[in-house]
Amino acid sequence: MMNDDGHPLPAPQRNWALFLDFDGTLAELAPSPETVSVDAAMPEVLGDLLQGLGGAVAIVSGRPLAEIDRLVGIVLPGAGVHGLEMRERRNADVHPPAEVAGVARIEEALAPLVQRDPRLILERKPGAIALHYRRAPEREMECRAAMQAAFAGTTGLHLIEGKMVMEVKPSHVNKGYAIENLMKVPPFAGRLPVFAGDDRTDEDGFGVVKALKGVTIKIGPGVSLAEYRVASVAAFMGWLKEVVSALSDQARLQEK
């Protein structure tokens, strides 16, 4: 497959460690987190990737891992809530989330705003809180002001902005932190990291993967650190299917 600049995406390698964002990468963005839909072939594709890459496939998402498990239809290693939840192997327990008292105070401060407008969504995550205004874009400035006021004076927390969403989480945790830690343990250790994402929250991951001399893929438009670019979720899913086929061919050749 060619990327948007006309350059071919890198040839799949069996020594890859594949890290995948979910919303905007594996699934189209939806008006609210609970209304997202996924490709019916996703469980099979991800399962085949797990087999072809020796288990080194992980979802790195802002969503909790329990949601990811339900949505993708297969349990994978990964990081939820930007690294507040970690699961290094498929059969491992999810690490207990960090206890952050400041997040609870921010949630309490934002509750009246959300209660006045049902189009606004206050998404509670382990150790983090996200304010979604995708269904009420005209209230962006008001939401920004409310979040900034709630965030002011807190310590040890970080405010990040995505596509019509603002999220508060511990300052030392991001997708780059999650990928860096996964790369230290089996089955990821010693492999070449490959990370695909679509949003500003994925840029930390791109930075870490580039520092590790890995492959970075941006889905959709926008300025990015990523070296490669794919136009859409559908195109990226098509490329993943090509990766599955290429890894299968490599395995057959190795057996001969």
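The values are calculated or read from the model by the stated rules, or taken from the named source; none is laboratory data. What you are looking at is a predicted structure, and each value in this text was computed from that prediction instead of being measured. With ideal geometry, Cβ positions are generated from the backbone for all residues, glycine too; neighbour counts draw on all protein chains shown. Protein only, heavy atoms only, side chains kept; ligands, DNA and RNA dropped before computing areas. Shrake-Rupley method; radii C 1.70, N 1.55, O 1.52, S 1.80 Å.
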* Asked: Using beta carbons and a limit of 6 Å, which pairs, at least six apart or on different chains, have the first residue in segment 19-43 and under 12 Å from MET237 (Cβ atoms) and the second one of a type outside the set (D, E, K, R) and open to solvent by 30 Å² or more (accessible area, probe 1.4 Å)?
  -> ALA27/VAL38
* **Enumeration of residues in segment 202-244 that are more than 28 Å from LYS184 (Cβ to Cβ), open to solvent by less than 60 Å² (accessible area, probe 1.4 Å), small (Gly, Ala, Ser) and assigned to a helix (DSSP H, G or I)** => ALA235, GLY238
* Hey, PHE195 open to solvent by less than 10 Å² (accessible area, probe 1.4 Å) and part of a strand (DSSP E or B) or not -> yes
* Scan segment 131-153 and report the pairs whose first residue is of a type in the set (Ser, Thr, Tyr) and modelled with pLDDT of 95 or more and whose second residue is open to solvent by less than 60 Å² (accessible area, probe 1.4 Å) and in a helix (DSSP H, G or I), with Cβ atoms within less than 7 Å and a gap of 6+ or a chain change. => TYR133/ARG139; TYR133/CYS143
* Are there any pairs with C-beta distances below 6 angstrom linking a residue in segment 64-75 that is within 17 Å of ALA178 (Cα to Cα) to a residue that is of a type in the set (A, V, I, L, M), with the two at least 6 apart or on different chains, and if so which? -> PRO64/VAL81; LEU65/VAL94; ILE68/ILE59
* Asked: Take the residues of segment 56-89 that are of a type in the set (Lys, Arg) and outside any loop (DSSP other than H, G, I, E, B): which is nearest to ALA128 (Cα to Cα)?
  -> ARG87
* Select from segment 35-46 the residues that are touching a strand residue (DSSP E or B) at 6+ places or on another chain (Cβ under 9 Å) and within 19 Å of LEU65 (Cβ to Cβ) and write down the one among them that is most open to solvent (accessible area, probe 1.4 Å). => VAL38
* So which of VAL81, VAL57 is over 30 Å from ALA150 (Cβ atoms), buried (at least 23 other Cβ atoms within 10 Å of the Cβ) and of a type in the set (Val, Ile, Thr)? -> VAL57
* Structure fact -> Counting only strands (runs of 3 or more DSSP E) entirely within segment 90-176, those with at least 2 residues that are open to solvent by less than 20 Å² (accessible area, probe 1.4 Å) and within 30 Å of GLY73 (Cβ to Cβ) are 128-132, 165-170
* Scan segment 44-55 for residues that are in a loop (DSSP other than H, G, I, E, B) and of a type in the set (A, V, I, L, M, F, W, C) and jot them down. => LEU53
* Filter result for GLU44 (at pLDDT below 95, of a type in the set (Asp, Glu) and farther than 20 Å from ASP198 by Cα) -> no
